[in-house]
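Enquirer: I am attaching a structure below and will ask some questions about it afterwards.
The values are calculated or read from the model by the stated rules, or taken from the named source; none is laboratory data. These numbers were taken from a predicted model, which means no experiment stands behind them. With ideal geometry, Cβ positions are generated from the backbone for all residues, glycine too; neighbour counts draw on all protein chains shown.
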Amino acid sequence: MKNIFTILIAVILSVLVSSFILKSHSTETKKESAYERVIRTGTLQCGYVIYPPAFEIDQKTGEKRGINHDVAEEWGKKLGIKINWAHEVIYGQHIQDLNTRKIDALCGCDGPLAYHAATQVDYAHPYGYYSLYLYGRKQDIGKYKTLADFNDPKIRFNMLDGDISTTMADDEFPKAGRVSIPASGDATLLVENIVTGKADVVILDTFSAMMVGKSGQKLVRLLPDRLGTFPCAFSVRKGEPELLKMIDQGMDLLNNLDIVKKLAIRDGIDGTFSYPAKPYQE
């Protein structure tokens, strides 16, 4: 009888220990949300896209600069969150980096630049808007009268794979030729190929075209027609409403304080993109 009682006690203890271990394991394996991790660490793990001059890294000093970089840093300062530039990404492919939690957000001008990404990520309130136009060589001004004139096999569009320039060219100018640059390639070739005659036209925003002009490589807008206007916004993975709301509130603060405009004026790029409307009347 004593042996039976001892065995019964051992079984009960075994069950209790197993239950405790399973409960502990369940608690340990529950994943933090991105928001919870940001609050716990005080750090936002940012993905970034190298796209001079909006975001670039000095090869000698490692210094990061550009309007996309500066907006994120100012957002972090205002909210007391450190920005860690954790991982370089490629538009469209950043979805995997968000889902595997390599990054908490793509901290730059998304919105979306790869259309299909809108099904798998959410976009924060924008900090600016940019419009796209057709740019080419100065000697080609007046050669084309309408956008339809560019939908010609003789016209070679210069584009970055996976970029919005590729999507828009496919949509609007399907008959035109293509000069493609790999998504991981040097974005400056978007301009260089036009200047050297390897391609005829490139889809660019005013900001990028202006900065190209500063470098001495002259491109001009071939037509006044705007192809489209897109927001500059951070993106986060689906299912992170608290993180998205925190980013939204920080961006609203920057907007209401005219921080982005002040950064643009400081960098000499004011007027190259539009700012979000204020939620009130002056």
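Enquirer: Which residue pairs have Cβ atoms closer than 8 Å, lie 6 or more positions apart in sequence or on different chains, and pair a first residue in the stretch 67-86 that is of a type in the set (Gly, Ala, Ser) with a second residue that is buried (at least 19 other Cβ atoms within 10 Å of the Cβ) and modelled with pLDDT under 95?
Expert: Ala72/Gly108
Enquirer: How many residues does the stretch 124-148 contain that are under 14 Å from Leu227 (Cα atoms) and without any contact (Cβ under 8 Å) to a residue 40 or more places away in the chain?
Expert: Looking only at the stretch 124-148, we keep the residues that are under 14 Å from Leu227 (Cα atoms), and these are 129-135, 146-148.
Of the ones still in play, those that are also without any contact (Cβ under 8 Å) to a residue 40 or more places away in the chain are 148.
Residues in the stretch 124-148 being under 14 Å from Leu227 (Cα atoms) and without any contact (Cβ under 8 Å) to a residue 40 or more places away in the chain: 1 in total.
Enquirer: Please go through the stretch 152-176 and give me each residue that is surrounded by fewer than 15 Cβ atoms within 10 Å (Cβ to Cβ) and either among the hydrophobic types (A, V, I, L, M, F, W, C) or not in a helix (DSSP H, G or I) (or both), ordered by number.
Expert: Pass one, the stretch 152-176, residues surrounded by fewer than 15 Cβ atoms within 10 Å (Cβ to Cβ): 152-154, 170-171, 174-175.
Asp152, Pro153, Lys154, Pro174, Lys175 - these are the residues of the stretch 152-176 that are surrounded by fewer than 15 Cβ atoms within 10 Å (Cβ to Cβ) and either among the hydrophobic types (A, V, I, L, M, F, W, C) or not in a helix (DSSP H, G or I) (or both).
Enquirer: Out of the residues in the stretch 34-52 that are surrounded by fewer than 20 Cβ atoms within 10 Å (Cβ to Cβ) and farther than 19 Å from Lys78 by Cα, which is nearest to the chain's Cα centre (by Cα)?
Expert: Just the residues of the stretch 34-52 that are surrounded by fewer than 20 Cβ atoms within 10 Å (Cβ to Cβ), to begin with: 35-37, 39-43, 50, 52.
Of the ones still in play, those that are also farther than 19 Å from Lys78 by Cα are 50, 52.
On the way: Ile50: 10, Pro52: 13 Å.
Looking at residues that are surrounded by fewer than 20 Cβ atoms within 10 Å (Cβ to Cβ) and farther than 19 Å from Lys78 by Cα, I get Ile50.
Enquirer: Also, quick follow-up: Can you tell me how many residues in the stretch 85-131 are within 10 Å of the chain's Cα centre (by Cα) and part of a helix (DSSP H, G or I)?
Expert: Residues of the stretch 85-131 within 10 Å of the chain's Cα centre (by Cα): 89-92, 94, 105-114, 123.
Subsequent filtering for residues that are part of a helix (DSSP H, G or I) retains 94.
Total satisfying the criteria: 1.
Enquirer: Could you tell me which residue of the stretch 65-84 is nearest to Pro182 (Cα to Cα), considering only residues that are modelled with pLDDT of 95 or more and in a strand (DSSP E or B)?
Expert: Asn84
Enquirer: Taking the criterion of being more than 27 Å from Ala277 (Cα to Cα), small (Gly, Ala, Ser) and out of contact with any Gly (no Cβ under 6 Å at 6 or more places or on another chain), would at least one residue in the stretch 107-127 satisfy it?
Expert: Looking through the stretch 107-127, none of the residues is more than 27 Å from Ala277 (Cα to Cα), small (Gly, Ala, Ser) and out of contact with any Gly (no Cβ under 6 Å at 6 or more places or on another chain).
Enquirer: Next question, about the same structure. Does Ser208 satisfy the condition of being closer than 30 Å to Asp104 by Cβ, small (Gly, Ala, Ser) and not assigned by TED's automatic domain parsing to the domain that holds Met159? Break it down into steps so the answer makes sense when it comes.
Expert: Numbers: closer than 30 Å to Asp104 by Cβ: yes; small (Gly, Ala, Ser): yes; not assigned by TED's automatic domain parsing to the domain that holds Met159: no.
Spelling it out, it is not the case that Ser208 is closer than 30 Å to Asp104 by Cβ, small (Gly, Ala, Ser) and not assigned by TED's automatic domain parsing to the domain that holds Met159.
Each row is one residue, and each column tells you yes or no for (1) modelled with pLDDT of 90 or more; (2) within 20 Å of the chain's Cα centre (by Cα); (3) closer than 16 Å to Tyr130 by Cβ; (4) surrounded by fewer than 18 Cβ atoms within 10 Å (Cβ to Cβ).
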position	(1), (2), (3), (4)
Thr188	no, yes, no, yes
Asn193	no, no, no, no
Val212	no, no, yes, no
Arg226	yes, no, yes, yes
Pro231	yes, yes, yes, no
Gly239	yes, yes, no, yes
Gln249	yes, yes, no, yes
Ile265	yes, no, no, yes
